[in-house]
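Take a look at the structure set out below.
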Amino acid sequence: MQAKVAILIYLMLSFSLSAQEIKGKVIDTDTKQPVPYAKVGFPSINVYTDADSLGGFKFKYLPQSHLKIKVSAFDYKVLVKDIDLASNELLIIELTPLHTVFEEVQVTASEGKVQRENITSIAVVSKDELFQTGATTLGESLIQIPGVQSSSVGMGISKPIIRGLSGMRVVTYNNGLRIENQQWGDDHGMAASELGLGKVEVVKGPSSLLYGADALGGVIHFLDEKYIRKDKDELYISSKFESNSMGTTNEIGYRTHKGKWRANIHANYINHADFQLPDGNFIKNSRFWSTNFKSSIGYRHKNFQLNIRYQLSHRRLGIPGHSHNAQPDVLDFISNKRQRKGTLPAQYNFDHFLLIENTIFFNRSNLLLEIGNTNSDLKEFDEKVTLPFTHLNVNNTSYNFRYSYKLLENMSLKTGVQGMAKINRNRFPSSSLLIPDANTLDNGVYALMDYEYKKWRFQGGLRYDIRFLNVLSAADLDSSLVNNINTDGLKRNFQGINYSAGFVRNAKLTSVRFNASSGYRAPHLAELQADGFHHGSLRYEKGSQTLKAEHAIQFDAALELHFDHLELIINPYYNRISDFIYLVQTDEFEGSFPVYEYKQTDLAHLFGGEVGFHYHPHSIHRLHINSNFSVTIAETNNGDPIGLMPQPNVNTSIRFDINNNHKISFKHVVLEHIYHLPQNRVGPNETFSVDYHLVNLATQFTIGDLKRLSASTGIRNLLNTQYQGHLSSLKNLGLSQPGINVFFSLKYQIK
């Protein structure tokens, strides 16, 4: 049997049609004249080139398959369409003149479609857009995306929230690799870095069909920077300074593309001291540092493409607000002196991510084979320098085999199998356990059908998942170690059948989208077994072994209006979750800590939406005004508010493009205003939050004729506003978020 499988794999890997040189020309659709220096590429295989002065271009060693080509040029509408590379004819690409271009047209990784053509609600944002106003961390930058907010512990620890759901309900992917770390803990941050990042895709709402179980809230997919064009090299160094925490980020990166081989290599070092409050004082132990390394190696020949990606991250995170005092006082956490030297309590995170991705192209189909491994090691030191309070290791091996086939010119099918094997282990010596040792095995099978008819696109699919959970008994351990968990072993099986169905209609002036999708999430170890103190989040948590799996159904609709100088979008949604698991504060106390219990309600209703516009005046082409409003309302079947929901917010930015050609050439100036409305709908014993305004200002420019040296500078929290985010753990102590922060960054292109 094994020999037959090996022969089959060998035949698939060996299968390739003869590849020829593909030539084409880009012309103006009205005048039929060449469009010089257009950018031409195939997003799905990450291959790009530039047309010459006569609009001509050529590629070698492309797979003889159906691929989407993307062509863009200044003052022209971006073209994305499906072409058959098996044809030997000269490709004639016609571009339509367009005097107003709102934003870069993005092709999503999840569906391989232009963003406007996606059935589900997907936001695509580039790294440059996320950090244009100088966000300190990747988690902080994500709040610019409508419907996305974050919870935080100081500056170094943040977790994304999609439409009111976070933690175990938001699945994180890195280039197709599912990231499993300690996302169950409020004081455990997101295992992702902006190093080598190209863009972020956020899928809002249940997304189980392509991404697996647990994604009731949505998916955050981090995608690396593209490989550079063929026969090109790039080497750069960059540095960023932030005044509020005296923080520095130093980075080096190299990209190369020689023949059939491509590679990206990046590394950085980040170091921040304690951050400063608006009143001039500092939050003790809010300091953090991290070292990150990321590499991607790609090989492409004829109908075969291979990518091997590896990422290493080592972070030390101070835990501000952490206390064992019977009656903690706000003054215990404030100092009039800034410090950088490491002290306790602190977390040490050591993460390894490895992904091997193979794609085999056939004439009307392709086969994706992904195998990956993530290993996340967490040490948390509390009061003892030599003995960690807890030491956890999560090792997860995942696979994804997907076959995509073009049945007809307007009909395609994706089908596959996906799964993972996760091993949670406590390491010793340590003084306590937060979750027990456990083994988790997931397997799923899915199919997704696409059909296009004129301006309409329909999509529907099914998926079946099963999870086997084996919680190992901790009864034989030292009793002093198990005061934070239930020591009884546990074996549970969970399964779910999920579906997705929807349509999108794209016309010149309007886009209409509707999607109904379901998802399920099995309860996590922390929800099943917790029974003890969590000093980082200042509470005592109690779990329940009787918790059932959550099942969700979301209805998502969108109406987009596209005018020459104005775009409008209205995107309401309703998410109905049965057997919803939530953390509620009780009237009890363990010492000075409030007791929180994991409970389950028959039904939870989450509804709201995003409304936004982009205005680009005809008389001032360089001016862009963007604004969006996001709100989530969550309540039980009885109408009682569900706690720990983010504040409604309005994000508005005014960007003026300059693009002068002097020695110092300014790219743009951005003024950003973020308004968080009051949060009055709170759970039992949860405190209200007042509204607040934040203003950020930034500009980017290049220096010199060759423009190798680029810089950006600006001010975050320009008005030095004193505010407390509703989901900041420091809010319970009466502590504010960071005050005014001046940043300055430089990037030098060595090669």
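The values are calculated or read from the model by the stated rules, or taken from the named source; none is laboratory data. Everything numeric in this text was worked out from a predicted model, so none of it was measured. Note: ideal-geometry Cβ built from the backbone for every residue, glycine included; neighbour counts use all protein chains shown. In case anyone asks, the SASA skips ligands and DNA or RNA and just uses the protein heavy atoms, side chains included. Shrake-Rupley method; radii C 1.70, N 1.55, O 1.52, S 1.80 Å.
What the table shows:
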read-out	value
Cβ crowding within 10 Å averaged over residues, with 288-295, 623-630 ranked highest first	288-295, 623-630
For Rg and Dmax of the Cα atoms in Å, calculated from these coordinates, the label among (1) 25.9, 82; (2) 27.7, 97; (3) 30.7, 103	(1)
Diffusion coefficient, µm² s⁻¹, Stokes-Einstein with Kirkwood Rh over alpha-carbon pairs of the range 361-408 at 37 °C and 0.692 mPa s	227 µm²/s
Convex hull of Cα atoms in the range 15-98, direction-averaged projection (nm²)	5.2 nm²
Mean separation of Cα contacts under 8 Å (6+ apart) over length of the range 15-98, as relative contact order %	35 percent
Gap separating the Cα centres of the range 166-197 and the range 407-445, nearest whole Å	14 Å
For the range 450-475 and the range 126-165, distance of Cα centres in Å	27 Å
Per residue value of the accessible surface for the range 117-749 (all protein chains in place, 1.4 Å probe), Å²	39 Å²
DSSP beta bridges in the chain [antiparallel fraction, %, rounded to 5]	95 percent
Part-to-part distance (alpha-carbon centres) for the range 693-725 and the range 588-638, which is given in Å	26 Å
The range 598-732: projected area of the alpha-carbon convex hull, averaged over directions, in nm²	11.9 nm²
Environment charge at N307 (Cβ cut-off 11 Å; Lys +1, Arg +1, Asp -1, Glu -1)	0
Protection-proxy order for peptides 524-534, 34-44, each taking the mean of Cβ atoms within 10 Å per residue, highest first	524-534, 34-44
Rounded to the nearest 20 debye, dipole of the chain from Cβ charges on Lys, Arg, Asp, Glu	2600 debye
Mean Cα-pair separation over length for the chain, i.e. relative contact order, pairs under 8 Å, 6 or more apart, %	10 percent
Cβ crowding within 10 Å averaged over residues, with 230-236, 24-30, 272-278 ranked highest first	272-278, 24-30, 230-236
With every protein chain in place, the range 489-593: carbon and sulfur % of accessible area (1.4 Å)	58 percent
The range 190-197 - phi-based ³J(HN,Hα) in whole Hz, Karplus 6.51/-1.76/1.60, Gly and Pro as x	6, 8, 8, 9, 6, 4, x, 7
Positive dipole terminus of the range 117-749, leading residue within A558, G416, I237 (C-beta point charges)	I237
Nonlocal amide H pairs with K284, under 5 Å, H built at 1.01 Å	I334, S335
Solvent-accessible area, 1.4 Å probe, carbon plus sulfur percent, for the range 15-98	52 percent
V512 paired with L54, simple spin-label distance in nm, labels 7 Å along Cα-to-beta-carbon	4.8 nm
Relative contact order (%) - criterion: Cα under 8 Å, at least six apart; region: the range 624-751	19 percent
Rounded tilt (10° steps) of 2-14 against the dominant C-alpha axis of the chain	50 degrees
Computed over the range 26-73, Kirkwood Rh from alpha-carbon pairs, angstrom	11.4 Å
